[in-house]
Structures are given as structure tokens and as C-alpha cells.
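FYI, it's all coordinate maths here, none of it is from the lab. Remember, predicted model here, so these are calculated numbers, not experimental data. Here the Cβ positions follow ideal geometry from the backbone for every residue, glycine too, while neighbour counts run over all protein chains shown.
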Amino acid sequence: MPNIINSPSSNFNSRNGRKIIAIVDHCTDGLIPGCLQWLQNPISQASAHYVIGRDGNIYKLVNESDASWGAGVIDQCTWPLYDGTNPNKYVINLEHEGYLTQGGDGILTEIQYQSTLWLHRLLIAAYAIPIDNLHIIKHSEINANHNCPGPNFPWVRLFNDLNATVTIIANNTKIYGQIINGNTFAPISNVCKAKGWSCTWNGTKRTVCVNGASDANVPATTGTGVSIVVGNQVIVGEIIGNSAWCSIATVCKALGVVYTWDQVNKIMKF
Ligand SMILES: [Zn+2]
């Protein structure tokens, strides 16, 4: 999972009780650290919740519970969900490091793409944001004066990856999952519940012990990572929307559980 670097900005205010309904994607048109300094400078009156660097690092400027200042200027707004009030109150602003002017093409690096994909997944899960172009939008739909995030932002790839869902049927219980790096990921706690396996969270080590496995010899994870302990195996997982997700096929293999995989309909059954 990507590295998240705290880089607080004082350029934020309250959401005034508004619920988060959308993600607005931007391009910084500048490089880190200059653009970070700008978004942290009170004079700019500008910010974002996160800036995703070309090196894959994610810089966190504003808490999601507050309104960042990335989409408050309205110019020929075409976003159907704009309700006449300041969009900053109900969106999450994501900046991507890169140039649109000065000969730049705004094309994300591969590691930058993987980081923003991860962050989009996390936010979608946390705030139940629908995966469509009403709820994941370009800044230019709010402010047409800015060609932001530019013509090369990878919308098709992003939506394809976000929509790569799988259904896991465990003891006739349907569990929603996603294909992440070619693996069937789902919240391990949901799978354990469906199968009647024990599932214990150790907040100190950030481990999940499945079906009686022990984490006594498992090192604590660093940062916000999570390890899923199954039998003698330690599976690297990800925290998405307050749940620990991991490859369910890997869990099944570790437990010797046989499963079927329907490649056409993306259904895994066991
Ligand atoms: Zn923008």
C-alpha cells in the first residue's frame, strides 16, 4: 500500500454537516514540493485533501471530515449534482502531481496511478461513493476555466479498475469483493462470518488471526498495513473502509479449502 505522509494545511473549514458525495480529481500543474508549499500557504486560499505524488507517495493535507479548498470557484459548472452551494462542502479533492502547461502532458506515472487507484477505492468504500462519472468527476466540470485534471487523466482505466468487482459466495452468503492486482480481495471478517471461522483483530500488531491461528511469532505491521494470519501463513492485506481486505483465494489455499472460480461471471464459491 502507498506511503501516506502527513503534510497539514490550514486551508480548510467545516463541511457544515454536509455528507461527502463525490471525489473531484485534479492535476497540480506543478511539482512537489512547490505545489505542497502553495497548498499549505494561507495566502493561496487553496488546498486539497490529498496530493498524489509522481513517486507514489500520498500527501495528506486536510482531514476528510473537513472541507478542503479545491473546488469552490464556480465557472460554467456542468456537474449535475452541483446544488448551488459550495462544492467543497460535499466533495473530497484529490490533486495529482504533474504539469498540464509548460509542455507537460498530465500523464500519471504508473506508481502514481496505483496510489490514486488505492485511494479512490478506500474513499469509495468509506463514504459509499457510487462508481460513476456523477460521483467521480473532473475539476473542470465545476470550473471550466481550468482544464483540470487535463485530457490525459486515465478515466477509462480508473473506472475499469474500480468496477472490477467479484462476488464471493461462502456458504451461500454473497460477499462483495474487488479484483486487486489480479487477486480476489474481500473483507476477511465477512468471509469468516459466513464460514463460521473465528476472526480476531489485534490492534497493537495490526494483525487479523483467522480460524484460531496465532500471531505470537508475527512481527507487528508498520504504518497502516495489516497482516492476515492463516495457519502458518502471513498474508499481506489492506485496510479499505475500516475493514481488512486480502486475497480470499490465498486464505482458502492456506486452509486447504477448495473453491471454484467462474472467470466469466467473476464468482468465487466455496
Ligand atoms: Zn483542479
Contact order normalised by length for the stretch 4-161, with contacts defined as Cα pairs under 8 Å and 6 or more residues apart; what percent is it? 32
What does DSSP give for the chain in terms of the percent of beta bridges that are antiparallel, rounded to the nearest 5? 60
So how long is each side of the stretch 4-161 along the principal axes, counting just the alpha-carbon atoms, biggest first, in Å? 37, 36, 30
Write down the percent of antiparallel bridges among all DSSP beta bridges whose residues are both part of the stretch 4-161, to the nearest 5. 30
Mind checking which lysines have their C-alpha under 16 Å from Lys193, skipping anything on the same chain fewer than 8 residues away? Lys174, Lys269
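What is the packing order of peptides 170-181, 137-148, taking the mean over residues of other C-beta atoms within 10 Å and listing the highest first? Walk me through the numbers on the way to the answer.
Working: 170-181: 14.9, 137-148: 20.6.
Ranking, from highest mean packing down: 137-148, 170-181.
Only Lys, Arg, Asp and Glu count, each charged at its Cβ (+1, +1, -1, -1), so figure out the dipole size of the chain about its Cα centre, rounded to 20 debye. Please list the in-between numbers first.
Details: 17 positive and 17 negative charges, 212 e Å.
In total the dipole reaches around 1020 debye.
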Expressed as a whole number of Å, what is the distance separating the alpha-carbon centroids of the stretch 7-32 and the stretch 229-270? 34
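Given a cut-off of under 8 Å on Cα pairs at least six residues apart, what relative contact order in percent is computed for the chain?
On the way: 556 pairs, mean separation 43.6, N = 270.
Reported as a whole number, the value is 16 percent.
Taking a ≥ b ≥ c as the square roots of the eigenvalues of the Cα gyration tensor of the stretch 164-269, is the shape rounded (a/c under 1.5), prolate (a/b larger than b/c) or oblate? Could you put the intermediate results ahead of the total?
Details: a/c = 1.95, a/b = 1.54, b/c = 1.27.
Since a/c reaches 1.5 and a/b is larger than b/c, the shape of the stretch 164-269 is classed as prolate.
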Show which lysines lie in cross-link reach of Lys60 when reach means a straight Cα distance below 30 angstrom and same-chain residues fewer than eight apart are skipped. Lys19, Lys89, Lys138, Lys205
Mind jotting down the distance between the C-alpha centroids of the stretch 85-117 and the stretch 175-198, whole Å? 30
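Using r as the Cβ-Cβ distance of Gln102 and Ser243, and R0 as 41 Å, what FRET efficiency do you calculate, to the nearest 0.05? Please list the in-between numbers first.
Working: r = 42 Å, r/R0 = 1.03.
Efficiency, from the Cβ-Cβ distance: 0.45.
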All alpha-carbon distances of the chain, grouped into 5 Å bins from 0, give the whole-percent distribution 1, 6, 12, 15, 16, 14, 12, 9, 7, 5, 2, 0, 0
Burial order of peptide ranges 185-192, 254-261, 11-18, 58-65 (average beta-carbon count within 10 Å, highest first): 185-192, 58-65, 11-18, 254-261
Subtracting the Cα-Cα distance of Thr173 and Asn145 from 0.36 nm times their residue separation yields 5.2 nm
